[in-house]
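The values are calculated or read from the model by the stated rules, or taken from the named source; none is laboratory data. In this text the structure is predicted, and so the values were computed from the model without any measurement. Note: ideal-geometry Cβ built from the backbone for every residue, glycine included; neighbour counts use all protein chains shown. Just so you know, the surface numbers come from the protein's heavy atoms only, side chains and all, with ligands and any DNA or RNA stripped out. Shrake-Rupley method; radii C 1.70, N 1.55, O 1.52, S 1.80 Å.
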Amino acid sequence: MAGIMSDEQLARELRVLYANRPLQFTKLVMKYYRGERAKMILETLKAWPK
């Protein structure tokens, strides 16, 4: 299936987006994922190796 990213590729792209625009990315995650789920996503991205 062309155009489908692996989990690793997707996580890498999200990490780059988070690194480049952390405030906008944080607002977007908080908008769609409330509470503990949003915090878990953001903490995972912060800890993800570059």
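For M1, indicate whether it is at pLDDT 85 or above and aliphatic (A, V, I, L, M).
Values: at pLDDT 85 or above: no; aliphatic (A, V, I, L, M): yes.
No; evaluated as a whole, the condition is false for this residue.
Quick check, is L28 modelled with pLDDT of 85 or more, of a type in the set (A, V, I, L, M, F, W, C) and out of contact with any helix residue (DSSP H, G or I) (no Cβ under 7 Å at 6 or more places or on another chain)? Steps first, please.
Values: modelled with pLDDT of 85 or more: yes; of a type in the set (A, V, I, L, M, F, W, C): yes; out of contact with any helix residue (DSSP H, G or I) (no Cβ under 7 Å at 6 or more places or on another chain): yes.
Yes.
Residues checked against (1) open to solvent by less than 100 Å² (accessible area, probe 1.4 Å); (2) part of a helix (DSSP H, G or I):
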{"site": "I4", "(1), (2)": "no, no"}
{"site": "L10", "(1), (2)": "yes, yes"}
{"site": "A19", "(1), (2)": "yes, yes"}
{"site": "T26", "(1), (2)": "yes, yes"}
{"site": "K31", "(1), (2)": "no, yes"}
{"site": "R34", "(1), (2)": "no, no"}
{"site": "R37", "(1), (2)": "no, yes"}
{"site": "K46", "(1), (2)": "no, yes"}
